[in-house]
Amino acid sequence: MDFNLFQIVSELNLPKPEGILQVGASYGQELHSFLVNGVTRGVFIEPLEAPFRFLAENCSKIPGFVAVNTLCTDETGKTYTFYVASNQGMSSSILQPASHLTQFEDVKFNEKIEVVSNRLEDVIEFLERNGHQHVTMGLDTLYMDTQGAELKVLLGAGRVLKNIRYIFTEVTRNELYKGAPSLQELISFLDSVGFTLNNVYFNRAQYGDALFISKDLLGLSV
């Protein structure tokens, strides 16, 4: 991620994020930043086994932090081919790599595994049924790094988005992965469910990050 969510929210004089729902949490690289910035609860989702084990161990040491080993898309129970990247899995995706192969020639996708997906709404409902409602009730920020699957995650979020104030997501202006949604597609969908684009950053490789904020929070008409 290339700009600071917490700094932007502070500059806008908006309520600080207190509960993070992170999809594509990898090894939990952002956990320290979340803690330093006052996050008190979080759900951290990662589909790959090796990074998940590391993530889960770290989450187990932090009250209010829960790790979940699953793949999130717009369907529950669907099997996807997951293209595993050689950079410790960080560039892995359910989408086939496209320009990623030429832009990052050192990253290879020589391994493929089969992974069963869950809708984000179903993941949260499962956690609530299993004693984690005190965590899920406080989630106000959706943080996504899913290598082109962001729109699928959003389409499967359902009622989860009703409690979300901020959506911080990776975006691209080129096809790093085949079929990845454009920024305009994300803007259009999120506008329809009550969010507006507030910040966006692209690097020279034409990928970066975007921050969407709830229209209600900004006092805008939906």
Considering residues of segment 44-61 that are touching a Gly at 6+ places or on another chain (Cβ under 8 Å) and under 17 Å from ILE20 (Cα atoms) only, the residue surrounded by the fewest Cβ atoms within 10 Å (Cβ to Cβ): ASN58
Apart from one, (1) under 17 Å from the mean Cα position of the chain (by Cα); (2) surrounded by fewer than 21 Cβ atoms within 10 Å (Cβ to Cβ) all hold for GLY219; the odd one out is (1)
Looking only at strands (runs of 3 or more DSSP E) that lie completely in segment 140-207, which have at least 3 residues being among the polar types (S, T, N, Q) and farther than 30 Å from LYS108 by Cβ? 195-202
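Just for segment 201-216: of the residues that are farther than 18 Å from ASN163 by Cβ and surrounded by fewer than 16 Cβ atoms within 10 Å (Cβ to Cβ), which one is modelled with the highest pLDDT? Before you say what the answer is, go through the steps one by one.
So in segment 201-216, the residues farther than 18 Å from ASN163 by Cβ come out as 201-210.
Narrowing further to those that are surrounded by fewer than 16 Cβ atoms within 10 Å (Cβ to Cβ): 201, 203-206.
Values: TYR201: 92, ASN203: 86, ARG204: 82, ALA205: 76, GLN206: 80.
Among them, the one singled out is TYR201.
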Condition broken by PRO181, with the remaining ones in (1) in contact (Cβ under 8 Å) with a residue 40 or more places away in the chain; (2) in contact with an Asp or Glu (Cβ under 8 Å, 6 or more places away or on another chain) satisfied: (1)
Any idea which residue in segment 99-108 is surrounded by the fewest Cβ atoms within 10 Å (Cβ to Cβ), counting only those that are closer than 15 Å to GLY148 by Cα and in contact (Cβ under 8 Å) with a residue 24 or more places away in the chain? SER99
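The values are calculated or read from the model by the stated rules, or taken from the named source; none is laboratory data. This is a predicted model, so every value here is computed, not measured. Neighbour counts are summed over all protein chains in view; Cβ atoms, including those assigned to glycine, are modelled from backbone coordinates with ideal geometry.
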